[in-house]
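**Student:** Below are the structure tokens for one structure; questions will follow.
The values are calculated or read from the model by the stated rules, or taken from the named source; none is laboratory data. Note that the coordinates shown come from a computational prediction; the quantities given were computed from them, not determined experimentally. As a convention, Cβ positions derive from the backbone with ideal geometry for all residues, glycine included, and neighbour counts pool all protein chains shown.
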Amino acid sequence: MRELRVLVVDDSAFNRKRIAEILSTIEGVTVVGKAADGEEALRLVGALSPDLVTLDLEMPRMDGFSFLRFVMAKKPVPVIVVSSHAAKQDVFRALELGALDFVAKPSAAPGERLNEIRDELIAKVEMVQRLRPSIRDEGARRTVSTMLRTVPKDDSRPLPRKDAPTRLVVIVASTGGPSALVDLFSTFRSDMAFSVLVVQHMPARFTRTFAERLDRLGGLRVSEAVDGDRLRAGRALVCPGGLCVDVVAVADGFAVRVAPPGPDDRYVPSGDRALASAAAAAGARVLGVVLTGMGDDGAAGVAAVKAAGGALLAQEPEDALLDGMPQKALQTGHVDLALPLRLLGERIVALGER
């Protein structure tokens with residue numbers, strides 16, 4: 001693990017103290033400063049050059065959004081947002097401005113219940129310790145301003161050429177996935193002949209907002225999956241956070257079953273489960289894609305897709321924010337091709353339209 005010098009930013013003195021105490025338990029992490037608002041945080045970033053900032057969003061004088069705009073323009077640094085569930089729209093706005101990741105505070109009495117996020121906060125910080133120095137020095141990720149694009153009010157996107165999809169594209173992603181998925185979806189059109197199922201590791205109550213953001217890119221029509229939804233050409237479904245999704249064959253094509261995780265689901269949502277069920281339902285018509293993330297979700301699923309005759313792509317590990325998931329997928333020997341993100345979308349389109 002790399003040494004990390006952390007700045008804690010929160011307008012609550014209790015929260016600053018408690019977050020700093022949690023961070024101080026992580027080997028190699030030193031809390032070098034605390035700030036009560038964005039103005040103070042900007043001064044401390046300049047004076048202390050921290051390796052990581054934990055950031056509240058609602059603060060007096062200068063809020064977290066203004067801080068992100070200034071710091072990413074002047075002196076980029078990895079930022080983990082620590083925000084409440086009630087502010088999910090704000091969380092995605094922060095990701096658009098360059099935040100690396102987020103931890104959802106408990107919505108009720110967040111100061112007194114910060115122990116509930118202890119394990120998640122530690123895991124996110126340890127993830128930053130694993131980042132390559134070059135990525136950390138660039139602020140850990142690109143801003144995703146394309147998320148701000150909106151489609152016309154009449155939503156006049158062309159309809160797909162046919163309702164039944166030529167292929168089922170199942171995309172699995174974790175940390176760094178929201179930005180990567182924005183890049184991919186920006187290359188898709190609404191008249192594509194394939195359907196997409198996204199399994200992004202994300203807490204419950206955030207995936208619907210994320211699906212709405214992807215939908216506003218103006219390409220594929222995107223929504224959060226509901227049990228029984230059909231997989232249609234020119235459309236994409238996002239697995240709800242906290243649940244898992246299975247692909248099943250139905251009379252008019254393919255549908256999804258949304259269900260709680262089972263005892264064998266190591267990740268929630270589970271990319272392995274989505275890939276394996278898609279392979280069982282659609283066989284050679286499946287195109288599996290594994291993107292950035294820590295861990296090995298997707299590795300077992302790609303084996304199932306390959307056994308069923310499907311095709312497999314992965315983000316090039318060197319191009320991923322975290323290379324764990326694509327690297328583990330590649331190590332299975334089943335992935336047909338690994339590409340940087342800038343080429344991956346075009347390849348998905350080329351294979352998906354066959």
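**Student:** Which one of 307, 329, 284, 350 is out of contact with any Pro (no Cβ under 6 Å at 6 or more places or on another chain) and buried (at least 19 other Cβ atoms within 10 Å of the Cβ)?
**Tutor:** The match here is 329.
**Student:** Those residues that are within 21 Å of residue 114 (Cβ to Cβ) and without any contact (Cβ under 8 Å) to a residue 24 or more places away in the chain, I need them from the stretch 55-100; list them, please.
**Tutor:** 86, the sole residue that qualifies.
**Student:** In addition: Hey, residue 269 hits all of (1) under 17 Å from the mean Cα position of the chain (by Cα); (2) surrounded by fewer than 21 Cβ atoms within 10 Å (Cβ to Cβ) but one; which does it fall short on?
**Tutor:** It is condition (2) that residue 269 fails.
**Student:** A follow-up question, please. Hey, could you check the stretch 61-86 for residues that are modelled with pLDDT of 90 or more and part of a loop (DSSP other than H, G, I, E, B) and say which is farthest from residue 99 (Cα to Cα)?
**Tutor:** 62
**Student:** Taking the conditions exactly as written (in a loop (DSSP other than H, G, I, E, B), at pLDDT below 90 and not hydrophobic (A, V, I, L, M, F, W, C)), does residue 190 satisfy them or not?
**Tutor:** Judged against the criteria, residue 190 is a match.
**Student:** How about the stretch 256-288: which of its residues are among the hydroxyl-bearing types (Ser, Thr, Tyr) and outside any helix (DSSP H, G or I)?
**Tutor:** 267, 270
**Student:** Quick one: residue 274 ticks every box in (1) surrounded by fewer than 21 Cβ atoms within 10 Å (Cβ to Cβ); (2) at pLDDT 95 or above; (3) within 17 Å of the chain's Cα centre (by Cα) bar one, so which box is it?
**Tutor:** (1)
**Student:** Which members of the stretch 54-73 meet the condition of being touching a helix residue (DSSP H, G or I) at 6+ places or on another chain (Cβ under 7 Å), at negative phi and not acidic (Asp, Glu)?
**Tutor:** 54, 55, 57, 59, 62, 64, 65, 66, 67, 68, 70, 71
**Student:** Given the conditions (1) under 21 Å from residue 166 (Cβ atoms); (2) free of Cβ contacts under 8 Å to residues at least 24 places away in the same chain; (3) of a type outside the set (S, T, N, Q), and given that residue 330 satisfies all but one, which numbered condition is not satisfied?
**Tutor:** For residue 330, the failing item is (1).
**Student:** Moving on to the next point. Under 7 Å between Cβ atoms, at least 6 apart or on separate chains: pull out the pairs that start in the stretch 288-309 with a residue that is closer than 11 Å to residue 271 by Cα and end on any residue that is of a type in the set (Asp, Glu).
**Tutor:** Within 7 Å, the pairs are 297/272; 298/272; 300/272; 301/272.
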